1. Could you state the accessible area per residue of segment 181-265 in Å², with a 1.4 Å probe and every protein chain left in place?
2. In segment 30-59, whose amide N lies under 16 Å from the spot 7 Å out along Cα-to-Cβ of ILE433? List them in ranges.
3. Keeping to pairs on different chains or 8 or more places apart, tell me how many lysine pairs in the chain have Cα atoms under 23 Å apart.
4. Can you pull the Rg over Rh of segment 296-448, Cα-only, Kirkwood?
5. Give the accessible area for LEU272 in Å² (nearest 10); use a 1.4 Å probe, count only protein heavy atoms, and leave out ligands, DNA and RNA.
6. What number comes out for accessible area per residue over segment 379-448 if the probe is 1.4 Å? Units Å², please.
7. In Å and from the alpha-carbon atoms only, list the Rg and Dmax of segment 28-231.
8. First select every other residue whose beta carbon is under 14 angstrom from the beta carbon of ALA387; then total the charges, Lys and Arg +1, Asp and Glu -1.
Amino acid sequence: MSGHGEAQPMTSAKCGPLRGTAAVPGDKSISHRALLFGAMAVGETKITGLLEGQDVLDTARAMRAFGAEVVQHGAGDWSVHGVGVGGFREPADVIDCGNSGTGVRLIMGCMATTAMTVTFTGDASLRKRPMARVTDPLSLFGAQSYGRKGGRLPMTVVGAANPVPVRYALPVASAQVKSAVLLAGLNAPGQTVVIEREPTRDHSERMLLGFGAELSVEHSAEGHVITLTGQPELRPQTVAVPRDPSSAAFPTCAALIVEGSDILVPGVSQNLTRNGLYLTLAEMGAQIEFLNPRTEGGEPVADLRVRFSDTMQGIEVPPERAPSMIDEYPILSVVAAFATGRTVMRGVKELRVKESDRIDAMARGLEACGVTIEEDEDTLIVHGMGAGGMPGGAVCATHLDHRIAMSFLIAGMAARAAVSVDDASPIVTSFPIFEDLMNGLGGAIRRG
Ligand code: S3P
């Protein structure tokens, strides 16, 4: 569980050109889901390439507490002996999801339509995040929840003994909420329908189909209408987890801003619900070539050749693109500081309820590094200083947020003076090999 250990300060200094291959670990979203769907199937699911980040390890531990047999056989190589839809046993203790919003929200969905009482908690970051967005729709199935003020963890959820199916239009563009509703719908009789106006990552839908559930997606005037037939018998699968495009964003963006860089980032997902950053970088004039397009682990992927790009221009990022790059705004705001002109990011208020308030964390840290920022509740604007233009020389606060920590360490690789972070320990939640991988490419990141 992250956030319980000691703070780990880290410093990143200006470095020479980055060279080599950046093979990033497995996708976090798909790793969580492989464990959850495996636990709800009857029989043994085999997983390769599982992300062994703390968030996913916390989900693996939770699935054991619900009665699934989860075993690690080798690096990234896992199996899950599932108990079937509705077959969870009531955990004997509190479920601690550490830093993971995806973990806690999806697990709440998994248990909400089974007669059991479960108390959830998490680290100081997760205990600040809103859970009502999930418990509101789960109450429509008949589940009850009792949490702290504002729907915060710790929270006890009483699963519905006689669940009813639900029709729910998402009030926020959130794959976590969509997935929680679909997971709850698995153990409700009849058809559960989720409607999303803007498409969000579709890994749950793809995986449900792979595990043999009956699910359809229609495109109507209301948006995407996803219909799931409840109480299927899920068939165990072999899941090959593709690399995480949100982790790939860090070496990619580092190569764009560090003079003389030329790297290869293999197997980056081109799934349209995840690739918004790469479209945005292309519009800014980034030198990225998409090589060898193919399918891996059921996802469209390509190898990226990324070169230093000293003529990137700030752009207006279309707000409707936000769901497909929601986790990439922190690192985009670093790239924006090394472009010329303003980069305007509107429609991004969801960033305020991530592992930290990411608009505030990036704004304060970039300002400390000498960058001019404008912000309001739903907007972040970065005034670019051009290639090599960021003064740096600051200590930035990470607020238990892995992506804030990694973003400022990447900034330090190209800023004029070194950039430090007060606590890099949360990086283990999603990208445990970050420091070694970046230094292996030529970075100068050190502890302290
Ligand atoms: C995730 C969905 C996103 C994302 C998170 C992972 C998922 O959250 O920020 O890191 O795996 O479903 P929201 O769906 O709440 O936007």
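1. So segment 181-265 comes to 35 Å² accessible per residue, rounded to a whole number.
2. 48-54
3. So the count works out to 13.
4. 0.95
5. Its heavy atoms expose roughly 140 Å² to the probe.
6. Per-residue accessible area for segment 379-448 comes out at 29 Å².
7. 15.5, 47
8. +1
The values are calculated or read from the model by the stated rules, or taken from the named source; none is laboratory data. The shown structure was predicted, so the numbers you read here are calculated from the model rather than taken from an experiment. Cβ sites come from the backbone with ideal geometry, for glycine too, and all protein chains shown count toward neighbours. Note: areas computed on protein heavy atoms with side chains; ligands, DNA, RNA excluded. Shrake-Rupley method; radii C 1.70, N 1.55, O 1.52, S 1.80 Å.
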